[in-house]
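Below is one structure, written out as structure tokens; the observations come after it.
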Amino acid sequence: MDTIIHAIVLTIYLLIMLGIGAYFFKKSKNQSDYFLGGRNLNPWVASMSAQSSDMSGWLLMGLPGTAFLLTYKNGIAEAFWTALGLGIGTYLNWLFLAKRLRKYSEHSNDAITIPTYLENRFRDKTHLIKIISALFIVIFFLIYTAAQFSAGAKLFNAVFGLEYLPALIIGAVVIVSYTFLGGFLAVCWTDLFQGILMFFAIIAMPIIVVIKLGGPNETFALAGSLANLSKGLGIKDWTGIGSMGALGIISTAAWGLGYFGQPHILSRFMGIRHSDDIKPARRIAMVWVTFSLAAAVILGVVGKAYMSTLVSSDALGLLDGEKVFIYMVQNILKGPGLAIIAGILLTAILAAIMSTADSQLLVTSSAISEDICKNIFKNLDDKKLILISRISVVTVAVIAVFIASNPDSSVFDLVAYAWAGFGAAFGPAILMSLYWKRMNWQGTLAGILSGGTMVIVWRTFIKKYFDLYEILPAFAVSVIMIILVSLITNKPGEEIEKEFDGFLKTDM
């Protein structure tokens, strides 16, 4: 009976999302509408859309799954430093990049995608920046979208007992449907509702579990005993100080660097209504992300404690930590009334997955239509470009389903790979393009190529010998290459420098 109620709640939610997509179908009249919503997002929609599309199913599955390990492989410490790095990165991204990118992307021939902004910013007549950037977007978003589809499949598998592959396909079809229809506005407005749902779910579940186990002291004492800590979890256990080492902590906290290069987040900055809306949007975003990240880490710890009261120690060791939220909801909230609440909480996972996957599909389709096809086929009008964008959404989704077809796929690992790819390929280029006048198109191209390539090389060939998160060396290499190549080649033209000076005056 509970499963039927969960299914009804999830179905109603999915129909609402599809309805929003259909509503915005006729409002997407051109490329700017489809990809940036006509630059008309209010602070609430912009901030909630940026953060919910940022966190994804990773917030309710990947991060708690890491904390679920407790002290094993420094799981809880890794989760702690990852969350702290992401919180700091979120703030710095809104503080140093959001307002300038919003102004300069419009100032620079009204660019509607990151590759187009970079091409316009440096007057790259070779179009290499735009094409190379678009290719990296397609490559890394295929991995990122696959992570969301994998998370969705795990949800449907755990809740309804569906086989992994059918569950994977069902989730992908729903996400593709409303993204295909409504574009950026549909994605952002659904993200607003999904972000609110995610926030209350991630906050409520740890509180419910702690009450169920008799209070915080009893809960964390039980968690400590599972890690063989007679005195419970201490500061060193939460932070890994003494066991992770300084390099390990820096490597894990380096997740925060990735924010400067995430196209699906940066597009929200570009689409916000006015640069004056950045400050209130930043405040909303920071409240959301601070509480959500803290709750996600705590969720993994209290979830381990709670599940130990239900299963044997051997069975506990075999549980998939990334499903701990699902396990708790299913076991605590039983009966007709509570099953409705359970259905809503489970829907939060689907919301987290959908809020990110739809954004990734949209940015990838924009890279294909706006940044690749528009350069190859010069006479495409807006209707044809939107059609290509929608076909791209479907095509990318099919390939992402294939990548995610392995049921043993780790949501955390897939997200980490793609996050590093975007952070290193675009982060230094975007950030420095807004602050360094001497930067030129050759340096930008070198930074994008070296950063994106280093992530792939490091993860494939070096990481097994030197366990450092690939974003750190790749980000550093990208910065160095931008500076070196810009300095040994000709400085930007007078027109570009005047535009930059004019932009700085408007930014005052």
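State whether the residues of segment 391-403 include one that is of a type in the set (A, V, I, L, M) and under 20 Å from THR66 (Cα atoms). Within segment 391-403 (the criterion being of a type in the set (A, V, I, L, M) and under 20 Å from THR66 (Cα atoms)), the answer is no, since none of the residues qualifies.
Please verify whether GLY232 is farther than 30 Å from MET354 by Cα, modelled with pLDDT under 90 and touching a Phe, Trp or Tyr at 6+ places or on another chain (Cβ under 9 Å), treating the condition exactly as stated.
Judged against the criteria, GLY232 is a match.
Elements of the type helices (runs of 4 or more DSSP H) sitting completely within segment 351-457 and holding at least 1 residues that are within 30 Å of PHE500 (Cα to Cα) and among the basic types (Lys, Arg): there are none.
If only residues of segment 206-235 that are more than 29 Å from the chain's Cα centre (by Cα) and under 30 Å from LEU472 (Cα atoms) are counted, the one that is surrounded by the fewest Cβ atoms within 10 Å (Cβ to Cβ) is GLY234.
Being out of contact with any Cys (no Cβ under 8 Å at 6 or more places or on another chain), modelled with pLDDT under 80 and not hydrophobic (A, V, I, L, M, F, W, C) is a description that does not apply to SER47. Here is the figure for segment 229-240: residues that are in contact (Cβ under 8 Å) with a residue 12 or more places away in the chain and part of a loop (DSSP other than H, G, I, E, B) total 4. Does segment 71-79 include one or more residues that are buried (at least 24 other Cβ atoms within 10 Å of the Cβ), within 12 Å of the chain's Cα centre (by Cα) and not acidic (Asp, Glu)? Checking segment 71-79: not a single residue is buried (at least 24 other Cβ atoms within 10 Å of the Cβ), within 12 Å of the chain's Cα centre (by Cα) and not acidic (Asp, Glu).
Every residue, every condition in (1) in contact (Cβ under 8 Å) with a residue 24 or more places away in the chain; (2) farther than 30 Å from LYS498 by Cα, yes or no:
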site: ARG121; (1), (2): yes, no
site: LEU128; (1), (2): yes, no
site: THR145; (1), (2): yes, yes
site: SER150; (1), (2): yes, yes
site: ALA153; (1), (2): yes, yes
site: ALA158; (1), (2): yes, yes
site: LEU162; (1), (2): no, yes
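Taking each residue of segment 97-112 that is closer than 18 Å to ALA134 by Cα and looking for partners that are at pLDDT 75 or above with beta-carbon atoms closer than 7 Å, six or more apart or interchain, yields SER105/TYR117; SER105/MET270; ALA111/SER105; ALA111/TYR117; ALA111/ASN120.
Figure legend. Inter-residue proximity from segment 328-356: first residues surrounded by 24 or more Cβ atoms within 10 Å (Cβ to Cβ), second residues not in a helix (DSSP H, G or I), beta-carbon distance below 8 Å, spacing 6+ or different chains. Indicated pairs: ALA342/LEU333; ALA342/LYS334; LEU345/LEU333.
Please go through segment 58-104 and give me each residue that is outside any helix (DSSP H, G or I) and either on the phi > 0 side of the Ramachandran plot or among the aromatic types (Phe, Trp, Tyr) (or both), ordered by number.
Those that are outside any helix (DSSP H, G or I) and either on the phi > 0 side of the Ramachandran plot or among the aromatic types (Phe, Trp, Tyr) (or both): PHE68, LEU70.
The values are calculated or read from the model by the stated rules, or taken from the named source; none is laboratory data. Being a predicted model, the structure only gives us computed values, none of them experimental. Note: ideal-geometry Cβ built from the backbone for every residue, glycine included; neighbour counts use all protein chains shown.
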